[in-house]
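> Shown below is the structure under consideration.
The values are calculated or read from the model by the stated rules, or taken from the named source; none is laboratory data. Quantities reported herein were computed from a predicted structural model and do not represent experimental measurements. For neighbour counting, all protein chains shown are included, and Cβ atoms are generated from backbone atoms with ideal geometry for every residue, glycine included.
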Amino acid sequence: MATRETGIDPLTSIQFAEWFLARKDRWSRSTIRTYRASIRECLVDVGILMPAKSKHIDAALGLLAKVVDPETGRLAAPQAIKTPRRTSAGKRKSLTATEFNAVDAALVGLRHRYAFLARPYLSYTSLLGLRPCEWPTARIIGTSLVVQNGKNSNGRANGSTRTIELDAYSEGYIQGLSEFIAALARATADGEWRRVHAGIRRALRAACIATGIPGLIRRPVTPYTCRHVAAARLKAAKTRTEVAALLGHATDETASRDYAPRSAARGWKPIRTRAPEGAEDLIRLRYVSFTDRASLVQNARRDFPPPTAAP
């Protein structure tokens, strides 16, 4: 976008920063804050890989750090504007244990065609973290749950399938899970998983409205909310590599970047599922905090001598 609008190809880091700041009226304040943080992180990464460009990167980072909110001290947009929110911005990515219990209780008395599937879906997905599209592929083998990874393309998954060990749970729990998988199989016997998925989503929405809780009415639980809940609970109890293995991610960075934070798991019981032995070895280690990246840039500048001028 920047190249197309400026007509400059390639853009330098400074030119890109100037272009971005000049478009302050295009996005909302929160969007600009998010984009700016991502741009800064990318520039730091470039500085690590290309120490010779550190002077230009420092200048670009300086431009991006000019505008600060005087009240919070955080980077803010130069001008606040109102823009339509993206669809994903309105989706719920967290659920407290109290809210979960309220929705679960509402599903018990809900007269909805798919309430009988929505209730176990809410419970099992909030613990196991399966993507909606992965449930039709789920099967129980002994005390293990095996599913086909939903995003097994372009290196985004840790394999074509993943295994979640359930040996810490009772036989009754595993039997209940097996019965739910069988009920899903019967409901999707005609191959229409989308229809069943839409029905579960509508039942969850109806249950949220039935609770009478304003937050749930305004932002109801969706099938994918349950995966976010499981991700937060896993983050609170597991290492990053085990979280990635249990969620089907290729790297340990995805859950930290795209899913609910571990703080969203407050009030929930610890998750006792585990990844099979060796599953963590398949995870690519990419997570580096922003503070660590800044330190790497400083070390790179110290360890690499400045480029010599061409004769």
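> If you go through the stretch 110-132 one residue at a time, how many are of a type in the set (Gly, Ala, Ser) and free of Cβ contacts under 8 Å to residues at least 60 places away in the same chain?
1
> Would you call residue 198 touching a residue at least 12 places away in the same chain (Cβ under 8 Å) and within 26 Å of the chain's Cα centre (by Cα)?
No, not satisfied.
> Another one. Modelled with pLDDT under 95, not in a helix (DSSP H, G or I) and not β-branched (Val, Ile, Thr): which single residue out of 300, 236, 244, 260 fits that description?
On inspection, the qualifying residue turns out to be 260.
> Shifting gears a bit: Within the set of pairs 6 or more residues apart or between chains, which connect a residue that is in the same structural domain as residue 12 (by TED's automatic domain parsing) and of a type in the set (S, T, N, Q) inside the stretch 40-66 to a residue that is surrounded by fewer than 19 Cβ atoms within 10 Å (Cβ to Cβ) and assigned to a helix (DSSP H, G or I) with Cβ atoms less than 9 Å apart?
Pairs found: 54/300; 54/301.
> Can you list residue pairs whose Cβ atoms sit under 9 Å apart, with the first residue in the stretch 138-165 being within 15 Å of residue 251 (Cα to Cα) and the second being β-branched (Val, Ile, Thr) and modelled with pLDDT under 85? Count only pairs 6 or more apart in sequence or on different chains.
Note: pairs meeting the criteria are 156/254.
> Filter the stretch 201-214 down to residues that are of a type in the set (A, V, I, L, M) and in contact (Cβ under 8 Å) with a residue 40 or more places away in the chain and give me whichever is farthest from residue 114 (Cα to Cα).
213
> State whether one or more residues within the stretch 77-99 are β-branched (Val, Ile, Thr), modelled with pLDDT of 90 or more and within 27 Å of residue 194 (Cβ to Cβ).
Looking for residues that are β-branched (Val, Ile, Thr), modelled with pLDDT of 90 or more and within 27 Å of residue 194 (Cβ to Cβ), one finds none in the stretch 77-99, hence no.
> Mind listing just one residue for me: the one in the stretch 266-294 that is outside any loop (DSSP other than H, G, I, E, B) and surrounded by 12 or more Cβ atoms within 10 Å (Cβ to Cβ) and, of those, modelled with the highest pLDDT?
That would be 274.
> Is it the case that residue 186 is in the same structural domain as residue 270 (by TED's automatic domain parsing) and surrounded by fewer than 20 Cβ atoms within 10 Å (Cβ to Cβ)?
Considered against the rule, which asks whether it is in the same structural domain as residue 270 (by TED's automatic domain parsing) and surrounded by fewer than 20 Cβ atoms within 10 Å (Cβ to Cβ), residue 186 comes out as yes.
> Of all residues in the stretch 215-225, how many are touching a residue at least 24 places away in the same chain (Cβ under 8 Å), over 12 Å from the mean Cα position of the chain (by Cα) and in a helix (DSSP H, G or I)?
Of the residues in the stretch 215-225, 3 are touching a residue at least 24 places away in the same chain (Cβ under 8 Å), over 12 Å from the mean Cα position of the chain (by Cα) and in a helix (DSSP H, G or I).
> Oh, and also: Tally the residues that are loosely packed, with under 12 Cβ neighbours inside 10 Å and modelled with pLDDT of 70 or more, restricting the search to the stretch 10-25.
Adding up the residues that qualify gives 1.
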